[in-house]
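*Asks:* The structure that follows is given in the form of structure tokens.
The values are calculated or read from the model by the stated rules, or taken from the named source; none is laboratory data. Remember, predicted model here, so these are calculated numbers, not experimental data. When we count neighbours, we look across all protein chains shown, and the Cβ atoms used for this are built from the backbone with ideal geometry, even at glycine. The accessibility values were calculated without ligands, DNA or RNA, using every heavy atom of the protein model including side chains. Shrake-Rupley method; radii C 1.70, N 1.55, O 1.52, S 1.80 Å.
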Amino acid sequence: MKTTSTSKSEKIFNFVFIFLTSLGLGYTLVNQFLLNKPKTELLTVIISLFVISIASWQRRKMGKL
């Protein structure tokens, strides 16, 4: 059985991870389209991390219902 502190720390970790991947996604998109300095490998990795973090957050949210 999970304690409330573990659940709270998981929520904080998910929020921080989604926030950091959002910043990374914004950075790579600005480099790709506005500054014309494409970093396609970094863009692919950041998009993958962002999708995975959102999917994980949604899975945990739906699992608690």
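*Asks:* Could you pull out the residue among L25, L29 that is part of a helix (DSSP H, G or I) and either at positive phi or under 13 Å from the mean Cα position of the chain (by Cα) (or both)?
*Replies:* Exactly one of L25, L29 is part of a helix (DSSP H, G or I) and either at positive phi or under 13 Å from the mean Cα position of the chain (by Cα) (or both), namely L25.
*Asks:* Quickly run through segment 35-65 and pick out the residues that are farther than 19 Å from S7 by Cα, open to solvent by 70 Å² or more (accessible area, probe 1.4 Å) and of a type outside the set (V, I, T).
*Replies:* L35, N36, K37, P38, K39, E41
*Asks:* Determine, yes or no, whether Q32 is open to solvent by less than 70 Å² (accessible area, probe 1.4 Å) and touching a Pro at 6+ places or on another chain (Cβ under 8 Å).
*Replies:* Values: open to solvent by less than 70 Å² (accessible area, probe 1.4 Å): yes; touching a Pro at 6+ places or on another chain (Cβ under 8 Å): yes.
Yes; evaluated as a whole, the condition is true for this residue.
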